[in-house]
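Take a look at the structure set out below.
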Amino acid sequence: MARSWRWVWIAGLVALWLLRVPSLAQPMASDQGLYAYAGQRLLAGDAPYSGAWDQKPPGIHVVYAVMWSLWPHESGVAAADLVVAGLVAWLLVIIGRRRFTEVAGLGAAAVFLCFGNPALTQRLSGVFVRAQSETFIALAITATLVLLAHRQRTRRHLVGVGVLLGAAFWLKPNAAAYGLTVLAALAFWPSHGRLWSVETFRRELTPIVVAGAAMVILPLLAIAVAGALTDLYLATIAYNAAYSGDTYDGVGGLLRYALTFPVGRARNDAVWFMGGLGVILTLVWWVRTSQAPERHSAVVPLAWLGGVWCSILINGGRDLPQYFVQASPALALAAGVGLVPTCTALRRRHAALPIVLVAVLIYGSHRVSGFDDLVENTRRDWNALISDTDRTSYLTHFGGRPQDKFVASAIAELAALSRNTTAPSDTIYVFGFSPGVPVLADRRSASRFHWSQPIVTEFESGRPGYGSAGLLVELQQHGPALVALQHDSWAPGGRHSSEFFHATPALEAWLTTHYTRETDLPRFEIWRRR
(Lines give C-alpha, C1' and ligand atoms only; values in the text may rest on other atoms or scores of the structure.)
Protein backbone atom coordinates (compact mmCIF):
# COMPACT_ATOMS: atom_id res chain seq x y z
CA MET A 1 0.00 0.00 0.00
CA ALA A 2 1.25 3.48 -0.87
CA ARG A 3 2.41 5.49 2.12
CA SER A 4 -0.05 8.31 1.39
CA TRP A 5 -3.04 5.94 1.36
CA ARG A 6 -1.89 4.34 4.60
CA TRP A 7 -2.04 7.72 6.31
CA VAL A 8 -5.52 8.33 4.89
CA TRP A 9 -6.64 5.04 6.43
CA ILE A 10 -5.05 5.87 9.76
CA ALA A 11 -6.63 9.33 9.83
CA GLY A 12 -10.02 7.79 9.10
CA LEU A 13 -9.64 5.24 11.88
CA VAL A 14 -8.62 7.90 14.38
CA ALA A 15 -11.65 9.98 13.39
CA LEU A 16 -13.96 7.00 13.90
CA TRP A 17 -12.39 6.32 17.29
CA LEU A 18 -12.78 9.95 18.33
CA LEU A 19 -16.53 9.69 17.66
CA ARG A 20 -16.66 7.66 20.87
CA VAL A 21 -15.05 10.34 23.05
CA PRO A 22 -18.35 12.10 23.90
CA SER A 23 -19.47 8.91 25.68
CA LEU A 24 -17.21 10.02 28.56
CA ALA A 25 -20.14 12.15 29.71
CA GLN A 26 -22.42 9.14 30.16
CA PRO A 27 -23.41 7.72 33.55
CA MET A 28 -22.56 4.14 34.37
CA ALA A 29 -25.49 1.74 33.99
CA SER A 30 -26.70 -0.75 36.58
CA ASP A 31 -24.46 -3.70 35.67
CA GLN A 32 -21.44 -1.43 35.72
CA GLY A 33 -22.53 -0.22 39.15
CA LEU A 34 -22.45 -3.84 40.33
CA TYR A 35 -18.90 -4.30 39.09
CA ALA A 36 -17.73 -0.94 40.40
CA TYR A 37 -19.02 -1.58 43.91
CA ALA A 38 -17.53 -5.08 43.95
CA GLY A 39 -14.24 -3.57 42.79
CA GLN A 40 -14.39 -1.02 45.60
CA ARG A 41 -14.88 -3.78 48.16
CA LEU A 42 -11.87 -5.65 46.78
CA LEU A 43 -9.82 -2.46 47.11
CA ALA A 44 -11.06 -2.18 50.70
CA GLY A 45 -9.66 -5.64 51.45
CA ASP A 46 -12.83 -7.73 51.35
CA ALA A 47 -12.61 -11.26 49.99
CA PRO A 48 -14.54 -11.98 46.77
CA TYR A 49 -18.30 -12.22 47.39
CA SER A 50 -17.98 -11.32 51.09
CA GLY A 51 -18.36 -7.57 50.54
CA ALA A 52 -20.39 -7.66 47.32
CA TRP A 53 -22.22 -10.67 45.88
CA ASP A 54 -22.56 -10.92 42.11
CA GLN A 55 -23.24 -13.73 39.67
CA LYS A 56 -20.08 -12.94 37.67
CA PRO A 57 -16.66 -14.46 38.35
CA PRO A 58 -14.29 -12.11 40.16
CA GLY A 59 -12.35 -11.23 37.00
CA ILE A 60 -14.60 -8.32 36.08
CA HIS A 61 -14.50 -7.12 39.70
CA VAL A 62 -10.70 -7.09 39.57
CA VAL A 63 -10.83 -5.13 36.31
CA TYR A 64 -13.11 -2.54 37.89
CA ALA A 65 -10.93 -2.40 41.00
CA VAL A 66 -8.00 -1.47 38.76
CA MET A 67 -10.16 1.03 36.86
CA TRP A 68 -11.40 2.63 40.06
CA SER A 69 -7.91 2.86 41.53
CA LEU A 70 -6.78 4.72 38.39
CA TRP A 71 -9.84 6.93 37.96
CA PRO A 72 -12.46 6.84 40.77
CA HIS A 73 -15.30 8.35 38.78
CA GLU A 74 -18.17 6.87 36.77
CA SER A 75 -16.69 8.34 33.58
CA GLY A 76 -14.00 5.70 33.99
CA VAL A 77 -16.48 3.15 32.61
CA ALA A 78 -16.76 4.91 29.25
CA ALA A 79 -13.04 5.72 29.32
CA ALA A 80 -12.15 2.04 29.70
CA ASP A 81 -14.55 1.17 26.88
CA LEU A 82 -12.92 3.85 24.71
CA VAL A 83 -9.41 2.56 25.37
CA VAL A 84 -10.43 -1.05 24.67
CA ALA A 85 -12.06 -0.02 21.38
CA GLY A 86 -8.83 1.64 20.23
CA LEU A 87 -6.76 -1.39 21.23
CA VAL A 88 -9.07 -3.84 19.47
CA ALA A 89 -8.98 -1.79 16.27
CA TRP A 90 -5.17 -1.69 16.39
CA LEU A 91 -4.99 -5.46 16.97
CA LEU A 92 -7.31 -6.11 14.02
CA VAL A 93 -4.92 -4.20 11.78
CA ILE A 94 -2.06 -6.40 13.01
CA ILE A 95 -4.02 -9.61 12.35
CA GLY A 96 -4.82 -8.44 8.83
CA ARG A 97 -1.21 -7.54 8.14
CA ARG A 98 0.14 -10.86 9.47
CA ARG A 99 -2.32 -13.31 7.91
CA PHE A 100 -4.25 -11.54 5.18
CA THR A 101 -3.46 -8.09 3.79
CA GLU A 102 -2.89 -4.72 5.41
CA VAL A 103 -6.00 -3.36 3.73
CA ALA A 104 -8.06 -6.25 5.11
CA GLY A 105 -6.89 -5.36 8.61
CA LEU A 106 -7.54 -1.66 8.12
CA GLY A 107 -10.97 -2.42 6.71
CA ALA A 108 -11.77 -4.67 9.67
CA ALA A 109 -10.73 -1.91 12.08
CA ALA A 110 -12.92 0.60 10.22
CA VAL A 111 -15.95 -1.70 10.34
CA PHE A 112 -15.40 -2.31 14.05
CA LEU A 113 -14.98 1.37 14.99
CA CYS A 114 -17.85 2.59 12.83
CA PHE A 115 -20.53 -0.09 12.95
CA GLY A 116 -19.53 -1.50 16.32
CA ASN A 117 -19.98 1.89 17.99
CA PRO A 118 -22.58 1.30 20.77
CA ALA A 119 -24.12 4.73 20.14
CA LEU A 120 -25.11 3.55 16.64
CA THR A 121 -27.41 0.66 17.50
CA GLN A 122 -27.91 0.43 21.25
CA ARG A 123 -30.65 2.00 23.35
CA LEU A 124 -29.73 4.98 25.54
CA SER A 125 -26.58 5.70 23.53
CA GLY A 126 -25.06 2.32 24.38
CA VAL A 127 -24.76 2.96 28.12
CA PHE A 128 -25.72 -0.65 28.96
CA VAL A 129 -22.97 -2.32 26.92
CA ARG A 130 -19.89 -0.24 27.76
CA ALA A 131 -17.08 -1.94 29.70
CA GLN A 132 -19.04 -5.14 30.19
CA SER A 133 -17.31 -8.50 30.76
CA GLU A 134 -17.72 -9.19 27.03
CA THR A 135 -15.87 -5.97 26.21
CA PHE A 136 -12.73 -7.24 27.90
CA ILE A 137 -13.25 -10.79 26.63
CA ALA A 138 -13.27 -9.38 23.10
CA LEU A 139 -9.97 -7.63 23.78
CA ALA A 140 -8.40 -10.77 25.26
CA ILE A 141 -9.43 -13.00 22.34
CA THR A 142 -8.35 -10.44 19.73
CA ALA A 143 -4.95 -10.21 21.45
CA THR A 144 -4.82 -14.02 21.51
CA LEU A 145 -5.26 -14.15 17.74
CA VAL A 146 -2.57 -11.51 17.29
CA LEU A 147 -0.12 -13.79 19.09
CA LEU A 148 -1.24 -16.82 17.09
CA ALA A 149 -1.01 -14.85 13.83
CA HIS A 150 2.73 -14.33 14.32
CA ARG A 151 4.55 -16.21 11.57
CA GLN A 152 7.46 -17.04 13.88
CA ARG A 153 5.55 -18.18 16.96
CA THR A 154 7.67 -18.96 19.99
CA ARG A 155 6.91 -20.47 23.38
CA ARG A 156 6.53 -16.92 24.70
CA HIS A 157 3.66 -16.27 22.27
CA LEU A 158 1.98 -19.54 23.21
CA VAL A 159 2.25 -18.92 26.94
CA GLY A 160 0.71 -15.51 26.34
CA VAL A 161 -2.20 -17.20 24.57
CA GLY A 162 -2.80 -19.42 27.60
CA VAL A 163 -2.65 -16.46 29.98
CA LEU A 164 -5.15 -14.48 27.91
CA LEU A 165 -7.54 -17.43 27.66
CA GLY A 166 -7.36 -17.89 31.42
CA ALA A 167 -8.04 -14.20 31.97
CA ALA A 168 -11.05 -14.39 29.63
CA PHE A 169 -12.34 -17.41 31.57
CA TRP A 170 -12.27 -15.43 34.82
CA LEU A 171 -14.26 -12.68 33.14
CA LYS A 172 -16.95 -15.21 32.15
CA PRO A 173 -16.57 -19.00 32.01
CA ASN A 174 -18.37 -19.22 28.67
CA ALA A 175 -15.21 -17.68 27.16
CA ALA A 176 -13.87 -21.25 27.25
CA ALA A 177 -15.75 -21.65 23.94
CA TYR A 178 -12.95 -19.68 22.28
CA GLY A 179 -10.68 -22.65 22.81
CA LEU A 180 -12.12 -23.87 19.50
CA THR A 181 -10.88 -20.68 17.83
CA VAL A 182 -7.40 -21.20 19.26
CA LEU A 183 -7.30 -24.78 17.98
CA ALA A 184 -8.29 -23.58 14.50
CA ALA A 185 -5.55 -20.90 14.52
CA LEU A 186 -2.92 -23.45 15.55
CA ALA A 187 -4.01 -25.75 12.75
CA PHE A 188 -4.61 -23.26 9.93
CA TRP A 189 -2.10 -20.50 10.69
CA PRO A 190 1.23 -22.35 10.35
CA SER A 191 4.35 -21.00 12.04
CA HIS A 192 7.94 -20.93 10.74
CA GLY A 193 6.65 -22.00 7.33
CA ARG A 194 5.88 -25.52 8.57
CA LEU A 195 2.94 -27.49 7.26
CA TRP A 196 0.44 -28.80 9.75
CA SER A 197 1.33 -31.97 11.59
CA VAL A 198 0.10 -33.73 14.69
CA GLU A 199 3.51 -33.33 16.34
CA THR A 200 3.69 -29.57 15.68
CA PHE A 201 0.11 -29.12 16.85
CA ARG A 202 0.79 -31.02 20.08
CA ARG A 203 4.03 -29.15 20.75
CA GLU A 204 2.34 -25.74 20.36
CA LEU A 205 -0.78 -26.70 22.26
CA THR A 206 1.07 -27.89 25.38
CA PRO A 207 2.33 -24.49 26.66
CA ILE A 208 -1.10 -22.98 25.97
CA VAL A 209 -2.82 -25.63 28.07
CA VAL A 210 -0.26 -25.39 30.88
CA ALA A 211 -0.41 -21.58 31.06
CA GLY A 212 -4.20 -21.53 30.76
CA ALA A 213 -4.59 -24.15 33.50
CA ALA A 214 -2.26 -22.18 35.78
CA MET A 215 -4.32 -19.03 35.17
CA VAL A 216 -7.44 -20.90 36.28
CA ILE A 217 -6.01 -22.96 39.14
CA LEU A 218 -3.89 -20.34 40.91
CA PRO A 219 -6.73 -17.80 41.38
CA LEU A 220 -8.97 -20.70 42.39
CA LEU A 221 -6.53 -21.63 45.14
CA ALA A 222 -6.39 -17.99 46.28
CA ILE A 223 -10.20 -17.89 46.45
CA ALA A 224 -10.20 -21.13 48.44
CA VAL A 225 -7.68 -19.69 50.91
CA ALA A 226 -9.94 -16.62 51.29
CA GLY A 227 -12.82 -18.94 52.15
CA ALA A 228 -14.92 -17.87 49.17
CA LEU A 229 -14.96 -21.11 47.19
CA THR A 230 -18.55 -22.02 48.10
CA ASP A 231 -19.74 -18.52 47.28
CA LEU A 232 -17.90 -18.69 43.95
CA TYR A 233 -19.66 -21.93 43.07
CA LEU A 234 -23.09 -20.69 44.12
CA ALA A 235 -22.75 -17.36 42.29
CA THR A 236 -21.13 -18.42 39.04
CA ILE A 237 -22.44 -21.95 38.55
CA ALA A 238 -25.58 -22.65 40.58
CA TYR A 239 -27.12 -19.21 40.11
CA ASN A 240 -26.18 -18.88 36.45
CA ALA A 241 -27.38 -22.39 35.61
CA ALA A 242 -30.86 -21.38 36.72
CA TYR A 243 -30.53 -17.90 35.22
CA SER A 244 -29.52 -19.13 31.74
CA GLY A 245 -31.23 -22.49 31.64
CA ASP A 246 -34.76 -21.18 32.03
CA THR A 247 -34.44 -19.08 28.85
CA TYR A 248 -34.69 -22.09 26.54
CA ASP A 249 -37.76 -24.23 26.07
CA GLY A 250 -35.85 -27.50 25.98
CA VAL A 251 -33.46 -28.62 23.25
CA GLY A 252 -35.83 -27.46 20.53
CA GLY A 253 -35.83 -23.93 21.91
CA LEU A 254 -32.05 -23.93 22.10
CA LEU A 255 -31.74 -25.05 18.47
CA ARG A 256 -34.28 -22.49 17.28
CA TYR A 257 -32.43 -19.69 19.00
CA ALA A 258 -29.06 -20.92 17.74
CA LEU A 259 -30.29 -20.83 14.14
CA THR A 260 -32.27 -17.61 14.29
CA PHE A 261 -30.38 -15.12 16.45
CA PRO A 262 -27.60 -14.38 13.89
CA VAL A 263 -30.23 -13.55 11.27
CA GLY A 264 -32.18 -11.45 13.72
CA ARG A 265 -29.06 -9.52 14.70
CA ALA A 266 -28.08 -8.98 11.04
CA ARG A 267 -31.49 -7.40 10.40
CA ASN A 268 -31.10 -4.90 13.24
CA ASP A 269 -27.38 -4.33 13.83
CA ALA A 270 -25.03 -2.95 11.19
CA VAL A 271 -21.91 -4.77 12.40
CA TRP A 272 -23.75 -8.09 12.13
CA PHE A 273 -25.00 -7.10 8.68
CA MET A 274 -21.47 -6.28 7.50
CA GLY A 275 -19.99 -9.33 9.17
CA GLY A 276 -22.64 -11.59 7.69
CA LEU A 277 -21.85 -10.35 4.19
CA GLY A 278 -18.18 -10.86 4.95
CA VAL A 279 -18.83 -14.47 5.97
CA ILE A 280 -20.70 -15.18 2.73
CA LEU A 281 -17.97 -13.61 0.60
CA THR A 282 -15.24 -15.36 2.60
CA LEU A 283 -16.90 -18.69 1.88
CA VAL A 284 -17.12 -17.78 -1.82
CA TRP A 285 -13.43 -16.90 -1.93
CA TRP A 286 -12.56 -19.99 0.07
CA VAL A 287 -14.29 -22.17 -2.51
CA ARG A 288 -12.93 -20.33 -5.57
CA THR A 289 -9.31 -19.75 -4.62
CA SER A 290 -6.76 -22.37 -5.51
CA GLN A 291 -4.08 -20.92 -3.24
CA ALA A 292 -3.84 -23.08 -0.11
CA PRO A 293 -2.48 -20.40 2.30
CA GLU A 294 -5.40 -18.07 1.63
CA ARG A 295 -7.85 -20.96 2.01
CA HIS A 296 -6.31 -21.95 5.31
CA SER A 297 -6.15 -18.43 6.73
CA ALA A 298 -9.82 -17.79 6.02
CA VAL A 299 -10.86 -20.64 8.30
CA VAL A 300 -9.75 -18.82 11.46
CA PRO A 301 -12.14 -15.82 11.27
CA LEU A 302 -14.96 -18.29 10.70
CA ALA A 303 -13.80 -20.32 13.72
CA TRP A 304 -13.70 -17.10 15.75
CA LEU A 305 -17.34 -16.51 14.88
CA GLY A 306 -18.02 -20.12 15.86
CA GLY A 307 -16.58 -19.38 19.30
CA VAL A 308 -18.76 -16.26 19.52
CA TRP A 309 -21.83 -18.30 18.57
CA CYS A 310 -21.17 -20.91 21.28
CA SER A 311 -20.38 -18.29 23.91
CA ILE A 312 -23.63 -16.41 23.24
CA LEU A 313 -25.67 -19.61 23.41
CA ILE A 314 -24.16 -20.48 26.79
CA ASN A 315 -25.19 -17.05 28.07
CA GLY A 316 -28.83 -17.86 27.43
CA GLY A 317 -31.60 -16.70 25.15
CA ARG A 318 -32.47 -13.39 26.80
CA ASP A 319 -31.05 -11.33 23.92
CA LEU A 320 -29.40 -8.93 26.37
CA PRO A 321 -27.33 -6.45 24.34
CA GLN A 322 -24.09 -7.01 26.26
CA TYR A 323 -24.05 -10.69 25.22
CA PHE A 324 -23.32 -9.64 21.63
CA VAL A 325 -20.52 -7.15 22.32
CA GLN A 326 -17.91 -9.91 22.06
CA ALA A 327 -18.94 -10.56 18.46
CA SER A 328 -17.96 -7.16 17.04
CA PRO A 329 -14.20 -7.79 16.44
CA ALA A 330 -14.86 -11.21 14.89
CA LEU A 331 -17.59 -9.83 12.62
CA ALA A 332 -15.36 -6.90 11.64
CA LEU A 333 -12.51 -9.24 10.70
CA ALA A 334 -14.90 -11.38 8.66
CA ALA A 335 -16.08 -8.23 6.88
CA GLY A 336 -12.53 -7.14 6.12
CA VAL A 337 -11.44 -10.58 4.94
CA GLY A 338 -14.49 -11.03 2.72
CA LEU A 339 -15.11 -7.53 1.38
CA VAL A 340 -11.57 -6.35 0.62
CA PRO A 341 -10.82 -9.08 -1.96
CA THR A 342 -14.22 -8.41 -3.51
CA CYS A 343 -13.41 -4.70 -3.88
CA THR A 344 -10.02 -5.59 -5.36
CA ALA A 345 -11.60 -7.90 -7.92
CA LEU A 346 -14.21 -5.30 -8.84
CA ARG A 347 -11.53 -2.63 -9.28
CA ARG A 348 -9.82 -4.78 -11.89
CA ARG A 349 -13.00 -4.60 -13.96
CA HIS A 350 -13.72 -0.91 -13.42
CA ALA A 351 -12.33 1.64 -10.98
CA ALA A 352 -15.81 2.87 -10.03
CA LEU A 353 -17.21 -0.52 -9.01
CA PRO A 354 -15.62 -0.63 -5.51
CA ILE A 355 -17.08 2.83 -4.82
CA VAL A 356 -20.50 1.57 -5.86
CA LEU A 357 -20.11 -1.46 -3.57
CA VAL A 358 -19.10 0.69 -0.60
CA ALA A 359 -22.07 3.00 -1.23
CA VAL A 360 -24.42 0.00 -1.33
CA LEU A 361 -22.94 -1.32 1.93
CA ILE A 362 -23.34 2.04 3.66
CA TYR A 363 -26.92 2.31 2.42
CA GLY A 364 -27.68 -1.23 3.60
CA SER A 365 -26.15 -0.51 6.99
CA HIS A 366 -28.24 2.63 7.25
CA ARG A 367 -31.38 0.66 6.49
CA VAL A 368 -30.42 -1.86 9.17
CA SER A 369 -29.35 0.49 11.95
CA GLY A 370 -29.92 4.06 10.83
CA PHE A 371 -27.37 6.78 11.55
CA ASP A 372 -29.78 9.32 13.04
CA ASP A 373 -29.40 7.89 16.54
CA LEU A 374 -25.61 8.04 16.28
CA VAL A 375 -25.71 11.71 15.33
CA GLU A 376 -28.22 12.64 18.02
CA ASN A 377 -26.56 10.57 20.75
CA THR A 378 -23.11 11.93 19.93
CA ARG A 379 -24.40 15.51 19.85
CA ARG A 380 -26.15 15.12 23.22
CA ASP A 381 -23.15 13.45 24.84
CA TRP A 382 -20.78 16.09 23.47
CA ASN A 383 -22.90 18.93 24.83
CA ALA A 384 -22.88 17.28 28.23
CA LEU A 385 -19.13 16.66 28.06
CA ILE A 386 -18.33 20.32 27.41
CA SER A 387 -20.84 21.41 30.09
CA ASP A 388 -23.24 22.92 27.60
CA THR A 389 -26.05 20.89 29.19
CA ASP A 390 -27.16 20.79 32.79
CA ARG A 391 -26.17 17.40 34.28
CA THR A 392 -29.59 16.79 35.80
CA SER A 393 -31.32 17.45 32.48
CA TYR A 394 -28.82 15.28 30.65
CA LEU A 395 -29.40 12.28 32.93
CA THR A 396 -33.13 12.30 32.18
CA HIS A 397 -32.28 10.82 28.77
CA PHE A 398 -31.08 7.59 30.41
CA GLY A 399 -34.15 5.63 31.47
CA GLY A 400 -37.45 6.92 32.67
CA ARG A 401 -40.04 4.65 31.10
CA PRO A 402 -42.30 2.90 33.65
CA GLN A 403 -40.72 -0.50 32.83
CA ASP A 404 -37.13 0.73 33.13
CA LYS A 405 -35.17 -0.61 36.09
CA PHE A 406 -32.30 1.75 35.30
CA VAL A 407 -33.08 5.46 35.65
CA ALA A 408 -29.87 7.47 35.85
CA SER A 409 -31.45 10.61 37.25
CA ALA A 410 -33.13 8.68 40.08
CA ILE A 411 -29.85 6.94 40.97
CA ALA A 412 -27.99 10.24 41.01
CA GLU A 413 -30.69 11.83 43.17
CA LEU A 414 -30.61 9.00 45.72
CA ALA A 415 -26.81 8.99 45.75
CA ALA A 416 -26.79 12.74 46.47
CA LEU A 417 -29.36 12.31 49.25
CA SER A 418 -27.30 9.50 50.81
CA ARG A 419 -24.07 11.45 50.58
CA ASN A 420 -25.56 14.64 52.01
CA THR A 421 -27.54 13.13 54.90
CA THR A 422 -25.28 10.34 56.16
CA ALA A 423 -21.75 10.24 57.52
CA PRO A 424 -18.88 8.57 55.62
CA SER A 425 -18.75 5.89 58.32
CA ASP A 426 -22.47 5.05 57.91
CA THR A 427 -23.81 2.22 55.84
CA ILE A 428 -26.83 2.50 53.56
CA TYR A 429 -29.01 -0.11 51.89
CA VAL A 430 -30.76 0.01 48.52
CA PHE A 431 -33.12 -2.89 47.76
CA GLY A 432 -33.64 -3.04 44.01
CA PHE A 433 -31.28 -2.80 41.08
CA SER A 434 -29.43 0.47 41.63
CA PRO A 435 -25.97 -0.67 42.78
CA GLY A 436 -24.47 2.56 41.50
CA VAL A 437 -25.93 4.42 44.50
CA PRO A 438 -23.35 3.29 47.11
CA VAL A 439 -20.60 3.83 44.52
CA LEU A 440 -21.64 7.41 43.75
CA ALA A 441 -22.49 8.15 47.38
CA ASP A 442 -19.17 6.69 48.58
CA ARG A 443 -20.99 4.66 51.21
CA ARG A 444 -20.80 0.98 52.08
CA SER A 445 -23.85 -1.20 51.49
CA ALA A 446 -25.23 -2.75 54.68
CA SER A 447 -25.50 -6.08 52.87
CA ARG A 448 -23.35 -7.84 50.32
CA PHE A 449 -26.60 -8.45 48.42
CA HIS A 450 -26.61 -4.93 47.03
CA TRP A 451 -29.19 -5.90 44.39
CA SER A 452 -32.50 -7.58 45.01
CA GLN A 453 -32.92 -10.51 42.63
CA PRO A 454 -31.02 -13.16 44.65
CA ILE A 455 -33.22 -12.21 47.60
CA VAL A 456 -36.62 -11.98 45.90
CA THR A 457 -36.04 -15.38 44.27
CA GLU A 458 -34.93 -16.72 47.68
CA PHE A 459 -31.83 -18.19 46.05
CA GLU A 460 -30.29 -20.82 48.38
CA SER A 461 -32.60 -19.59 51.14
CA GLY A 462 -32.01 -22.75 53.15
CA ARG A 463 -28.31 -21.96 53.43
CA PRO A 464 -26.98 -19.64 56.16
CA GLY A 465 -26.21 -16.18 54.79
CA TYR A 466 -28.58 -16.47 51.81
CA GLY A 467 -32.18 -15.55 51.06
CA SER A 468 -34.25 -13.01 52.98
CA ALA A 469 -33.11 -14.54 56.28
CA GLY A 470 -29.47 -13.98 55.37
CA LEU A 471 -30.23 -10.43 54.29
CA LEU A 472 -31.94 -9.71 57.61
CA VAL A 473 -28.90 -10.91 59.57
CA GLU A 474 -26.64 -8.51 57.66
CA LEU A 475 -29.04 -5.58 58.03
CA GLN A 476 -29.28 -6.18 61.77
CA GLN A 477 -25.52 -6.43 62.03
CA HIS A 478 -24.68 -3.26 60.09
CA GLY A 479 -27.71 -1.08 60.89
CA PRO A 480 -27.89 1.15 57.79
CA ALA A 481 -28.53 4.84 58.38
CA LEU A 482 -30.78 4.97 55.32
CA VAL A 483 -32.85 2.31 53.58
CA ALA A 484 -34.24 2.81 50.06
CA LEU A 485 -36.73 0.37 48.55
CA GLN A 486 -36.97 0.54 44.78
CA HIS A 487 -40.39 0.52 43.15
CA ASP A 488 -39.42 -1.03 39.85
CA SER A 489 -37.28 -4.14 39.84
CA TRP A 490 -37.56 -7.91 40.08
CA ALA A 491 -39.95 -9.76 42.31
CA PRO A 492 -42.11 -12.89 41.88
CA GLY A 493 -45.51 -12.28 40.37
CA GLY A 494 -44.43 -8.98 38.85
CA ARG A 495 -44.25 -7.21 42.20
CA HIS A 496 -41.73 -4.46 42.82
CA SER A 497 -38.78 -5.04 45.10
CA SER A 498 -40.37 -2.69 47.63
CA GLU A 499 -43.53 -4.83 47.65
CA PHE A 500 -41.51 -7.99 48.25
CA PHE A 501 -39.68 -6.37 51.16
CA HIS A 502 -42.93 -5.31 52.82
CA ALA A 503 -44.53 -8.73 52.14
CA THR A 504 -41.72 -10.55 53.96
CA PRO A 505 -42.77 -10.45 57.65
CA ALA A 506 -39.28 -10.52 59.19
CA LEU A 507 -37.96 -7.77 56.91
CA GLU A 508 -41.09 -5.65 57.37
CA ALA A 509 -40.93 -5.98 61.16
CA TRP A 510 -37.26 -4.98 61.24
CA LEU A 511 -37.92 -1.98 58.99
CA THR A 512 -40.97 -0.59 60.78
CA THR A 513 -39.45 -1.15 64.23
CA HIS A 514 -36.17 0.63 63.64
CA TYR A 515 -36.91 3.09 60.83
CA THR A 516 -39.21 5.98 60.02
CA ARG A 517 -40.48 6.61 56.52
CA GLU A 518 -39.51 9.95 55.01
CA THR A 519 -40.60 11.72 51.86
CA ASP A 520 -40.22 9.32 48.95
CA LEU A 521 -38.20 9.91 45.83
CA PRO A 522 -39.89 9.15 42.49
CA ARG A 523 -38.46 5.61 42.30
CA PHE A 524 -37.70 4.85 45.93
CA GLU A 525 -39.27 4.62 49.34
CA ILE A 526 -36.94 6.34 51.82
CA TRP A 527 -36.59 5.11 55.40
CA ARG A 528 -34.36 6.75 58.01
CA ARG A 529 -33.00 5.06 61.14
CA ARG A 530 -34.82 6.21 64.30
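The values are calculated or read from the model by the stated rules, or taken from the named source; none is laboratory data. Note that the structure is predicted; figures quoted are calculated from it, not measured. Quick reminder, even Gly has a Cβ in these numbers, built from the backbone with ideal geometry, and neighbours come from all protein chains shown. Heads up: the accessible areas ignore ligands, DNA and RNA and are worked out on the full protein's heavy atoms, side chains in. Shrake-Rupley method; radii C 1.70, N 1.55, O 1.52, S 1.80 Å.
Laid out as a table, the results:
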{"item": "Positive-end residue, segment 345-404 charge dipole about Cα centroid, Cβ charges, pick of Asn377, Ser365, Gly400", "result": "Ser365"}
{"item": "Centroid-to-centroid separation of segment 1-47 and segment 364-383 [C-alpha atoms, Å]", "result": "18 Å"}
{"item": "Where labels lie 7 Å past Cα in the beta-carbon direction, separation of Arg267 and Thr392 in nm", "result": "4.4 nm"}
{"item": "Integer Hz, Karplus 6.51/-1.76/1.60 couplings in order for segment 138-147, x for Gly and Pro", "result": "4, 5, 4, 6, 4, 5, 4, 5, 4, 5"}
{"item": "Over the chain, relative contact order from alpha-carbon pairs under 8 Å, at least 6 apart, %", "result": "17 percent"}
{"item": "Beta bridges by DSSP in the chain, antiparallel share as percent, to the nearest 5", "result": "60 percent"}
{"item": "Separation of the Ser75 and Arg123 label points, Cα + 7 Å toward Cβ, nm", "result": "2.8 nm"}
{"item": "Solvent-accessible area of Asp54 with every protein chain in place, 1.4 Å probe, in Å² to the nearest 10", "result": "0 Å²"}
{"item": "Heavy-atom accessible surface of the chain: percent carbon and sulfur, 1.4 Å", "result": "65 percent"}
{"item": "Part-to-part distance (alpha-carbon centres) for segment 77-153 and segment 342-360, which is given in Å", "result": "26 Å"}
{"item": "For the chain, size of Cβ-based charge dipole, Lys and Arg +1, Asp and Glu -1, in debye", "result": "2120 debye"}
{"item": "Per residue solvent-accessible surface (Å²) - the chain, probe of 1.4 Å", "result": "43 Å²"}
